[in-house]
Structure formats: structure tokens, C-alpha cells
1. Ratio of Rg to Rh for region 50-186, alpha carbon only, Kirkwood?
2. Taking 8 Å as the Cα distance limit and 6 or more residues as the minimum spacing, I'd like the relative contact order of the chain as a percentage.
3. Quick one: Kirkwood hydrodynamic radius for region 1-93, alpha-carbon pairs, angstrom, one decimal?
4. So for the chain, what are the equivalent ellipsoid semi-axes in whole Å, largest first, each being the square root of 5 times an eigenvalue of the Cα gyration tensor?
5. Suppose each label sits 7 Å from its Cα in the direction of the beta carbon; what would the H224-K192 distance come out to in nanometres?
6. Calculate, for E121 and S143, the FRET efficiency according to 1/(1 + (r/R0)^6) with r their C-beta to C-beta distance and R0 35 Å; round to the nearest 0.05.
7. Would you look at the GNM of the chain, springs on alpha carbons closer than 10 Å, and say which of V147, V92, V179 moves the most?
8. If you take the alpha carbon radius of gyration of region 143-266 and divide it by 2.2 N^0.38 Å, what ratio comes out, to two decimals?
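Read the figures in this text as sums done on the coordinates, not as results from a lab. It should be emphasised that the depicted structure is a prediction, and the values quoted were computed from it without experimental measurement. As a convention, Cβ positions derive from the backbone with ideal geometry for all residues, glycine included, and neighbour counts pool all protein chains shown.
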Amino acid sequence: MWLTMVGYGAAKIPDMHEDNGYIEPFQMFDNVYYIGDKWVSSYAVTTSTGLIIIDTLEFPYSQWLPLNLKKLGLQGARVSHILVTHGHSDHVAGDSYLQELYAAEVTISEQGYALALQQAEQSRGEKKFRPPEVSSFVKDEMSLLIVNTRFKFYLTPGHTQGDMSIDFMARHRGQLYRVFVTGGHSANLQNKQLTKLFIASMSRIKTLSAESPVVTVNLANHPHKNHLFKSRTAINTNDLKNPFVDRENFLQFIEQQQAQALNKVQ
Ligand SMILES: [Zn+2]
């Protein structure tokens, strides 16, 4: 029973090796870092009062997150908030582990949390995790202002019922670029109602993304879905051009996601 589980202190940390899916963390913008693994994204956003982490990987791989922060020189910063795109274990399993380390506040949708509870209860062996503690649930179009960074949330169901997309600004050489994290990738094709919701969510995201300033940064929650690693060697914080600023990448991604779902319902 997960409720009786003690802390994560004794859990074994998987070797930080590419055979295990380990990827060296890297900086994407002045205020955004990639700290995820080969299959699942996790991002750290810096503010003057601490770090915001978006998604926390499958446990026990979540234990790489603080080690990655250290590699990036961010170990002194407290993780103040965790934003969760949806309740599948590969995005949520590290929440309670990071809460134990940093007492971070978790932002998730109500239905995302219901799924996280189920996933935690089903988790077994090395992958066993506890659900996070959540004080309030996100609603559609709600915002969270942390120092000077505003995160806006949209409920965009279709991969799961509780997908939460995140909209904020990244900074590079004094310029701001609008970022979008699509809450769930790939429609749930087993469930016709979710597939239809997914198609509608992708249309909504396309419309939202065209509002000024248009979305130019696609922070996918699975890095291979938008070839995120292709640009990681090209990043140079002194260069005016940032390879992650790519409107086409975002639009193609949304269109391809929507087309996949449309094929299924036709
Ligand atoms: Zn998922």
C-alpha cells in the first residue's frame, strides 16, 4: 500500500548511461534547460526565486533530475514549483521525490491528478512511486505568476482526460520568445471520445498559438516527437539566433498530431 511507504532515501539511482536512456542536460534559453532523458522531457525554468520544473520522469529515473541540475550549475536553486502536463507515470512519478527534497508546489489538473493516483497505486517494484501532494487544481486559462514569469495553462484533453498545456516566455539575448508545451502527445486512439477531444484541442492550440506574439518555441513533452535533440549541439548563448526558435517545427508538430487522430476517426 503506497500510503505506508517511507521516503525515497534508499532507492537505487540508475546508471547515468545512454543505454539507460540518459542524456546530458543542456541549456536551451537563458531561462530554460532540458533535464529530461532520451524518451521523456523534463524542463527547468529559472526565476530569481528558484526553479520551475515541467514534468518529472518515470521513477527511478526522476533521481537524475537533481543530478542534472547540479551538472548545469543550478544546484543552489530551490525547486519552488512543479508543473505536470498529465497524470501518466513517466511525467508525474518524480513529483513526490522532488517534493521530499524541495517542498515544491505541484500544479496539475484535477483529472490529471486522478490519473496520477491510479498510476501510483498500480506502480510496482523499482518503479513504485507515491502521488504528489496537491493543494489546488489548475483550471482552464488560469495563470501562475512567479516573479516576472507568467505561466498560463490550458486544459487540452485527448491524450488523457486531464492534459494541461503550458504557455510562457523564454529569453535569449534580451529577446522574448513565446513557448508552448502541449500537454499530451498522441491521441488516445482506443477511446473515440478522447480522439475527438484531441482533434478539437489541436485546433484550439493552433488558434491560441497564432495570437500575438505567435508561438515559436515547441517544448514537446517527448523529445523525439519534434526532433528536439537535433538542435542541442547548435545552441550558443552568445549567438543572436537560437535554434529552438522555430515556428514551423511547432505548426508541423500540431498538424501531424491532429492528422494522426483524424485518420483514426474517419
Ligand atoms: Zn502520456
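1. 0.96
2. Reported as a whole number, the value is 15 percent.
3. Roughly 13.8 Å, rounded to one decimal.
4. Equivalent-ellipsoid dimensions as semi-axes: 26, 24, 17 Å.
5. So the two model labels end up 3.1 nm from each other.
6. 0.65
7. Taking springs between Cα atoms under 10 Å, the residue moving most is V147.
8. Against the empirical 2.2 N^0.38 Å value, I get 1.10 for region 143-266.
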